[in-house]
Amino acid sequence: MPVKGEPHRPPRRDLLFEIVAFLSKLQLHSQMRGPNCSKRTQLLFSITMGAAAIGTLTAAAVVTDLPLLFPPLAPSAFILFTTPLAPNAAPRSVILGHLTGVLSGLIAVITVSAIMPEAGLDDPLVMNTPRVVAIVLAMALVTKGMLLLKASHPPAAATALIAAMGWIDSPVVTAALVASASLLCLEAIILLRIIGGLPYPLWNPAYDMARFYGTLSGTCETKISGWE
């Protein structure tokens, strides 16, 4: 404790303190918070992180020889790394959304096939009236399901469409899609929360923190046009 009468001296800053302080300034948390953050920083962040996430997922698919790549995951990655603090970018929305999507598509195909077994919906190249009915039913189911679960994630509608078209036809592929969505969220937690220092949620949307981050929370979408 300082002795009475002596001038106040700031605490000593050792090398470790300086290193931590320097790294803290590099974190996205300090660079991207508030309405005056650099649009170029946001653009570079979105491009780098999104590409790294999809690249890692692709590498995992090649190494494991598992079907981990699905077209709807690309727009999911876009949402996660351009508006990571938006409600539809939370792990709850991404994982439950894609799960609802694939189940909706499969249920639609199974239901229509049971009513019209001669429709041949097992073949994804078949496009007929029963297929149209299955697609319409899948879209209705995925919309209702995401609203009921409070897990809105637009790319999950594409998952339902792909399943209804017959491209997801086995439990292995179904599990691989959900695993891919989960892996994408895990990458987001590592890249956004741990490395970037952003309050990316672990499950539920972070409504209380989203208001501090403008475009990253999806509340100022019109500002994206100013990134160039």
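Observations
- Space enclosed by the convex hull of the alpha-carbon atoms of the stretch 33-166, per residue, Å³: 124 Å³
- Pair V136, L66: separation of 7 Å Cα→Cβ label points (nm): 3.8 nm
- One decimal place: the segment L147-I47 gains 33.0 nm when fully extended, by the rule 0.36 nm per residue minus the C-alpha distance.
- Efficiency of FRET from Cβ geometry, V172 and F212, R₀ 25 Å, rounded to 0.05: 0.05
- R40 paired with V126, simple spin-label distance in nm, labels 7 Å along Cα-to-beta-carbon: 5.7 nm
- The phi-based Karplus calculation (6.51 cos²θ - 1.76 cosθ + 1.60; θ = phi - 60°) puts the 3J(HN,Hα) values of the stretch 125-131 at 7, 7, 10, 9, 4, x, 5 Hz, whole numbers, x for Gly and Pro.
Values in this text are rule-based calculations from the coordinates and carry no lab data. Given the structure is predicted, the values throughout are model-derived calculations rather than measurements. When we count neighbours, we look across all protein chains shown, and the Cβ atoms used for this are built from the backbone with ideal geometry, even at glycine.
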